[in-house]
Amino acid sequence: MEYDEKLARFRQGHLNPFNRESTREDPTQADGDLSQNDSPQIALPVEPSKLEIHSSDRVMDLGLAEDHFSRPVGLFLVSDVNQLKQAIEECKRQILELPEHSEQQKDAVVKLIHLRLKLQELEDPDEDEPNVRLLQEHRFYKEKSKSVKQTCDKCNTIIWGLIQTWYTCTGCYYRCHSKCLNLITKSCVKSKVSHQSEYELNICPESGLDSQDYRCAECRTLISLRGVPSEARQCDYTGQYYCPNCHWNDTDVIPARAIHNWDFEPRKVCRSSMRYLALMMSRPVLKLRDLNPLLFNYVEELMEIRKLRQDILLMKPYFITCKEAMEARLLLQLQDRQHFVENDDMYSLQDLLDLSSGKLSCSLTEIHTTFAKHIKLDCEKCQAKGFMCELCKEGDILFPFDSHSSVCSDCSAVFHRDCYYDNSTACPRCMRLQTRKQSLFQPASPSGLQ
């Protein structure tokens with residue numbers, strides 16, 4: 001009998017604290033009920049208002065009265081969603097009121113996208129790992145690939161896709177574990193590219209480690225050239241020093257060295273500079289005529305490319321007004337370098353890289369030949385838009401992009417180059433246009449009025 005009393009006291013003091021349906025029943029009866037059912041039933045959490053407060057001699061005080069395990073009250077979530085919806089409507093109204101194509105309107109559109117993604121994240125609270133996360137201007141999407149092995153950009157460790165959840169930023173391709181998301185302090189470089197599309201054009205503008213207070217330029221970790229407490233690594237693009245977590249000894253081509261020295265040797269850069277250079281690689285932001293005009297005298301291929309680009313700009317009006325050319329989509333052959341059909345002086349860093357390797361000259365010459373063949377041989381409508389030399393009135397049909405032709409700067413008439421520069425008189429077409437203008441504005445004679 002003494003043994004049964006001790007056993008009852010033991011069971012009384014060690015009741016399951018998560019079973020909130022338990023009442024003041026005999027512990028032996030509770031044990032009997034449990035023995036009748038092999039699989040014990042797990043009681044679902046109830047609302048805080050329906051919880052029964054048990055005496056301290058029956059249930060151990062674990063703070064369960066506060067209901068930590070129940071679902072958060074829904075009113076708070078609904079309130080946040082409503083506020084987001086109101087912010088989205090307000091942002092839409094601002095976009096319509098702001099001037100079109102202005103920087104303020106672009107910023108408002110970006111803000112609207114972020115608000116909608118945040119609303120999508122809040123409207124699905126039951127999902128443990130949301131598909132979209134917005135942090136530090138990053139737009140993270142959950143990756144579904146399990147076989148590709150990547151490295152986390154935050155903790156610098158391997159991401160095991162089979163057992164770990166990881167995210168990738170769609171703007172700068174920043175990769176990290178899901179557990180590292182809240183630890184990210186680096187902003188997305190895509191926002192920098194959108195607001196400041198320009199390069200650092202000074203070669204390795206170093207200011208010294210003391211100007212950085214002997215700290216990493218990005219995460220502010222203590223660094224030194226001796227490697228204690230952490231090694232200082234210099235980025236050849238920014239000239240600043242970084243810690244090993246922010247500088248992985250990646251290499252890339254430096255734009256300033258390519259423009260000033262025609263040097264395309266990859267040099268060590270930090271992670272943020274590598275992402276920035278990758279996003280800026282195909283952007284035509286380099287105006288070589290202003291940055292380094294002597295480069296055209298040093299690099300002969302640049303002169304050839306500029307002549308080809310000028311010819312393509314002269315061919316563009318033919319294609320725009322030609323139905324066959326529009327159906328064949330000839331201009332789409334330059335869709336990867338769309339700036340080639342817009343101007344002849346802007347270059348991207350990728351253009352300079354392909355030019356130094358000889359790839360750009362071959363591809364652009366082939367496209368130039370295809371365009372000229374359509375205008376001069378294949379299309380009769382384009383042939384009809386050619387010119388006859390009005391100075392010698394001999395020879396074949398001339399086009400503005402022919403190598404042996406010259407174009408009048410005033411009326412765009414085309415002549416043989418030798419005829420145009422040997423002619424001592426004015427352009428015949430300009431003279432006709434001038435005579436026609438004078439006849440139109442000349443007052444009528446009195447006899448003509450009768």
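The values are calculated or read from the model by the stated rules, or taken from the named source; none is laboratory data. These numbers come from a predicted model, not from an experiment. Because the Cβ atoms are built from the backbone with ideal geometry, glycine has one as well, and the counts that use them run over all protein chains shown.
Select from segment 145-169 the residues that are charged (D, E, K, R) and modelled with pLDDT of 80 or more and list them in ascending order. D153, K154 - these are the residues of segment 145-169 that are charged (D, E, K, R) and modelled with pLDDT of 80 or more.
With segment 273-360 as the region, which helices (runs of 4 or more DSSP H) entirely inside it contain at least 1 residues that are of a type in the set (V, I, T) and more than 30 Å from H247 (Cα to Cα)?
Details: elements: 288-291, 295-298, 300-320, 323-328, 349-357.
Result: 300-320.
May I ask you to say which residue of M315, M281 is over 30 Å from L222 (Cα atoms) and surrounded by fewer than 19 Cβ atoms within 10 Å (Cβ to Cβ)? None of the other options fit; the residue is M281. Assess whether K142 counts as being surrounded by fewer than 17 Cβ atoms within 10 Å (Cβ to Cβ), of a type in the set (K, R) and modelled with pLDDT of 85 or more. So K142 passes the test.
Could you please let me know if P293 is over 23 Å from E206 (Cβ atoms) and either touching a Ser or Thr at 6+ places or on another chain (Cβ under 9 Å) or assigned by TED's automatic domain parsing to the domain that holds Q338 (or both)? I'd like the intermediate steps shown before the answer.
Numbers: over 23 Å from E206 (Cβ atoms): yes; either touching a Ser or Thr at 6+ places or on another chain (Cβ under 9 Å) or assigned by TED's automatic domain parsing to the domain that holds Q338 (or both): no.
Against the criterion (over 23 Å from E206 (Cβ atoms) and either touching a Ser or Thr at 6+ places or on another chain (Cβ under 9 Å) or assigned by TED's automatic domain parsing to the domain that holds Q338 (or both)), P293 does not qualify.
Pairing each residue of segment 401-419 that is on the phi < 0 side of the Ramachandran plot with any residue that is among the basic types (K, R) and assigned to a helix (DSSP H, G or I), provided the two are 6+ apart or on different chains, yields C-beta distances under 7 Å for H404/R417; S405/R417; S406/R417; C408/R429; C411/R429; A413/R429. Filtered by the rule that a residue be of a type in the set (D, E, K, R) and either under 41 Å from the mean Cα position of the chain (by Cα) or not in a helix (DSSP H, G or I) (or both), segment 377-391 gives D378, K385, E390. Residues of segment 189-244 being surrounded by fewer than 13 Cβ atoms within 10 Å (Cβ to Cβ) and under 22 Å from the mean Cα position of the chain (by Cα), which ones? H195, Q196, S197, E198 - these are the residues of segment 189-244 that are surrounded by fewer than 13 Cβ atoms within 10 Å (Cβ to Cβ) and under 22 Å from the mean Cα position of the chain (by Cα). For the residues K179, K186, the requirement of being assigned by TED's automatic domain parsing to the domain that holds T157 and either farther than 30 Å from S145 by Cα or over 23 Å from the mean Cα position of the chain (by Cα) (or both) singles out K179.
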